[in-house]
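Here is the structure we will look at.
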Amino acid sequence: MRKILNFQKWLSLLIVMSFASFAFGQTANQYLFSAASGTYTPLTGGTTMALTSGNTDYGMFANIPIGFSFKFNDSTYTHVHASTNGWMTFGRFSGDNVTSDAETITI
């Protein structure tokens, strides 16, 4: 009985390892690189936005014009609100809530 269990463990391990060889991840040889020559030209112009609320760690930039009309869910938007943490929203913005904690969201 013990030999059968040992054989099953090894067979299970062999099967798992054989399927693992089919898993494909990103490897360095799948990315292309080509050198380019030229002179770096920094961006100029643009609009410097001031924080509407918060600070540079937990802040919000409100009413940023996007330059076109964007229709979503039967509403048309021409401005966005952007957080310093990387998320954006359309429509109304509450300056008191500039963070997004997935553990406290009620759905």
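Just the residues that are part of a loop (DSSP other than H, G, I, E, B) and at pLDDT 85 or above, please, taken from the stretch 88-107. Once the filter is applied, which keeps residues that are part of a loop (DSSP other than H, G, I, E, B) and at pLDDT 85 or above, the stretch 88-107 yields only PHE90.
Can LEU51 be described as within 30 Å of HIS81 (Cβ to Cβ), modelled with pLDDT of 75 or more and assigned to a loop (DSSP other than H, G, I, E, B)? So LEU51 fits the description; yes.
The values are calculated or read from the model by the stated rules, or taken from the named source; none is laboratory data. The structure displayed is predicted, hence computed values, not measured ones. Neighbour counts run over all protein chains shown; Cβ positions are idealised from the backbone, glycine included.
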